[in-house]
Amino acid sequence: MTAYTATVTVRLKSGVLDPEAETTQRSLERLGFELEDLRSADQFEIDLDAEDREDAEDRVTEMTERLLANPTLHDYEITIDEQ
Amino acid sequence: MTVAVIQFGGSNCDRDTVQALTAMGVDAELVWHEDGLPAETSGVVLPGGFSYGDYLRAGAMAARSPIMDEVRELAEEETPVLGICNGAQIGCESALTPGAFTTNESARFQCEHVYLRVENADTPWTRAYEEGEVVEFPIAHGEGRFEIEDERLEELEEDDRILFRYCDGDGNVTADTNPNGSKHNVAGVTGEDDHVAVMMPHPERVSLPELGSTDGRGVLTGFAES
């Protein structure tokens, strides 16, 4: 078994309104910053022992699809790093 | 025969719902989610509140609670299931109903009375109303914006699965009458079969005459008939 850290990034699908990101952008602009757009995302770091990288990725993909992301709202990306 | 009103940690409309049902002569009881559903369960309410502190997404944790497997089994056997507010979020998170309820367009918690137009009066939850009738219910949510893929929403509309839309007092559905940015002003939808339904507004809060209005009783009548 090898120790891995999986990083799962869950973000809203393109076209889904993100009121919190819009509010954050407005606050930055109020502070005098100039920016074109701002998107927010959730990131999860998961430590796990797995047979190999593929096993780690399979398990984390299932975790993401069953809980971390909502398929109606989100796309996700997973990266796997050996600890 | 009893309607199980499931309490999760953070539910807070559970007792209101039992009281509203009891006042209508419907046998109802509180059921702690870890205790499982009673054998005689004839209906299920997923009540409002803030289960698990809305961690991750509103309803996400409760939707994965073991009792939801039992709810799903009963729903498949045509037992009526109603999700209200946080219960609606749980219903969508557990795929009992389509779409998702997410952050209000205003990014604020909104607690106010709204008008709803009855879109389909041929469901257990709306049979007490006329199609096009306007009712007034309270909302109290931060994540009530109905979100769904456009094609999927068209299918729901074609299949008459929209229960209520946010409107004005005359039944006009416009952007101005949409309190939270829900797609097509949708306030409530049914599952694959119409004995399963979810809605963000609170019928149980307008069901006791002592509180000034009984507009919501019609929704809860869905259990009286079961």
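The values are calculated or read from the model by the stated rules, or taken from the named source; none is laboratory data. Given the structure is predicted, the values throughout are model-derived calculations rather than measurements. Cβ placement follows ideal geometry from the backbone for every residue including glycine, while neighbour counts extend to all protein chains displayed. Accessible surface areas use protein heavy atoms only, side chains included; no ligands, DNA or RNA. Shrake-Rupley method; radii C 1.70, N 1.55, O 1.52, S 1.80 Å.
Below, the figures for the structure above:
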| read-out | value |
| --- | --- |
| Charge tally in the Cβ shell below 12 Å around B:GLY9, where Lys, Arg are +1 and Asp, Glu are -1, B:GLY9 excluded | -3 |
| Sum of side-chain charges, B:PRO179 neighbourhood, beta-carbon under 12 Å (Lys, Arg +1; Asp, Glu -1) | -1 |
| Calculated [θ] (222 nm, deg cm²/dmol) that DSSP helices of n ≥ 4 give over chain B, each run adding -39,500 (n - 2.57) | -6000 deg cm²/dmol |
| Rg to Rh, two decimals, where chain A supplies the alpha carbon set and Rh follows Kirkwood | 1.13 |
| With all protein chains modelled, accessible area of B:HIS195 [1.4 Å, Å²] | 20 |
| At least 10 Å² accessible surface lost relative to isolated chain, residues of the range B:100-116 (1.4 Å probe) | B:ALA100, B:THR102, B:THR103, B:GLU105, B:ALA107 |
| Delta accessible area of at least 10 Å² on complex formation, residues of the range B:132-164, 1.4 Å probe, chain isolated as reference | B:ARG145, B:GLU147, B:GLU149 |
| Tail fraction, Cα-Cα pairs, the range B:1-130, threshold 24 Å, whole percent | 28 |
| In range of the label at B:GLU210: residues from the range B:1-20 whose backbone nitrogen is under 15 Å from the point 7 Å along Cα→Cβ | B:15-20 |
| Anisotropy class of the protein assembly as shown from Cα gyration tensor, a/c 1.5 cut | oblate |
| Occluded residues from the range A:1-31, i.e. those whose accessible area drops by 40 Å² or more once the chain is not alone (1.4 Å probe) | A:LEU17, A:PRO19 |
| Chain B: relative contact order in percent, alpha carbon pairs under 8 Å with at least 6 residues between | 21 |
| Within the accessible area of chain B (1.4 Å probe), percent carbon and sulfur | 42 |
| Approximate spin-label separation B:GLU112-B:GLU136, in nm, with each point projected 7 Å along Cα-to-Cβ | 1.4 |
| For chain B, diffusion coefficient by Stokes-Einstein and Kirkwood Rh (Cα), 37 °C, 0.692 mPa s, µm²/s | 195 |
| Loss of accessible area when B meets A, both sides summed, Å² nearest 100, probe 1.4 Å | 1200 |
| Estimated Rh, the range B:93-226: Kirkwood, alpha-carbon pairs, angstrom | 14.7 |
| Cα point-scatterer Debye curve for the range B:173-226, base-10 log of I(q)/I(0) at q = 0.23, 0.32 Å⁻¹ | -0.99, -1.14 |
| Per residue solvent-accessible surface (Å²) - the protein assembly as shown, probe of 1.4 Å | 48 |
| Per DSSP, loop GluC sites (Glu not before Pro) in the range B:1-79 with at most 11 further Cβ within 10 Å | B:GLU40, B:GLU77, B:GLU78 |
